[in-house]
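Asks: I have a structure I would like to understand better, so I am pasting it below and will then ask my questions one at a time.
The values are calculated or read from the model by the stated rules, or taken from the named source; none is laboratory data. Note that the coordinates shown come from a computational prediction; the quantities given were computed from them, not determined experimentally. Every residue, glycine as well, gets a Cβ built from its backbone with ideal geometry; the counts of neighbours run over all protein chains shown.
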Amino acid sequence: MKKRRVHRFKIVVEKHHDGYVAYPLGLKGVVVGEGDAFEEALADVVSAIRFHIETFGEEVFEAKETIEAFTAEVGVPVSQRKLWEGEVPAEPSTPNEFGAQKKFVINHWLKPVAWF
């Protein structure tokens, strides 16, 4: 009988008003589990991880293991103006409070591509 190797994953579990959502770190692709309880979401994501690996093979593993995971909360100003493909923002690129330049990405498959 072939011995199975066990690969350990760090799982992020989010609590929402309507249940829990769980997803692993260290896998390529989208793998998500959900449930009404923490344990249900965890069991669902384990099943989804197993299916993902059995379907796509070991090439879905990230090259390097995630050492630690952190959460942070940031404020992002949002308005209702749409930026359409190819449109350049009216204001020039200026540094934000962290010294980084404001940037936007043009997505050639979806419209609108960003909200400002």
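Asks: For region 5-61, which residues satisfy the criterion of being basic (Lys, Arg) and touching a residue at least 12 places away in the same chain (Cβ under 8 Å)?
Replies: Our first condition is that a residue be basic (Lys, Arg); within region 5-61, this holds for 5, 8, 10, 15, 28, 50.
Once the filter is applied, which keeps residues that are basic (Lys, Arg) and touching a residue at least 12 places away in the same chain (Cβ under 8 Å), region 5-61 yields Lys10, Lys15, Lys28.
Asks: Report, by residue number, each residue of region 1-13 that is under 11 Å from Val45 (Cβ atoms) and in a strand (DSSP E or B).
Replies: Initially, region 1-13 is screened for residues under 11 Å from Val45 (Cβ atoms), giving 9, 11-13.
Once the filter is applied, which keeps residues that are under 11 Å from Val45 (Cβ atoms) and in a strand (DSSP E or B), region 1-13 yields Ile11, Val12, Val13.
Asks: Can I ask one more? With the requirement that a residue be surrounded by 12 or more Cβ atoms within 10 Å (Cβ to Cβ) and of a type in the set (D, E, K, R), what does region 3-38 give you?
Replies: Correct list: Lys10, Glu14, Lys28, Glu34.
Asks: Among (1) in a loop (DSSP other than H, G, I, E, B); (2) more than 19 Å from the chain's Cα centre (by Cα), there is one condition Glu40 misses while meeting the rest; what is its number?
Replies: Just one mismatch for Glu40, condition (1).
Asks: Given the structure, is Ala63 over 16 Å from Arg5 (Cβ atoms), of a type in the set (Gly, Ala, Ser) and modelled with pLDDT of 90 or more? Don't jump to the end; show me each part of the working.
Replies: Values: over 16 Å from Arg5 (Cβ atoms): yes; of a type in the set (Gly, Ala, Ser): yes; modelled with pLDDT of 90 or more: no.
When the stated conditions are applied, Ala63 does not pass them.
Asks: Taking region 24-37 only, how many residues are charged (D, E, K, R) and assigned to a loop (DSSP other than H, G, I, E, B)? Before you say what the answer is, go through the steps one by one.
Replies: The first filter runs over region 24-37 and keeps only residues charged (D, E, K, R), leaving 28, 34, 36.
Next, from what is left, pick out any that are assigned to a loop (DSSP other than H, G, I, E, B): 28, 36.
Qualifying residue count for the region: 2.
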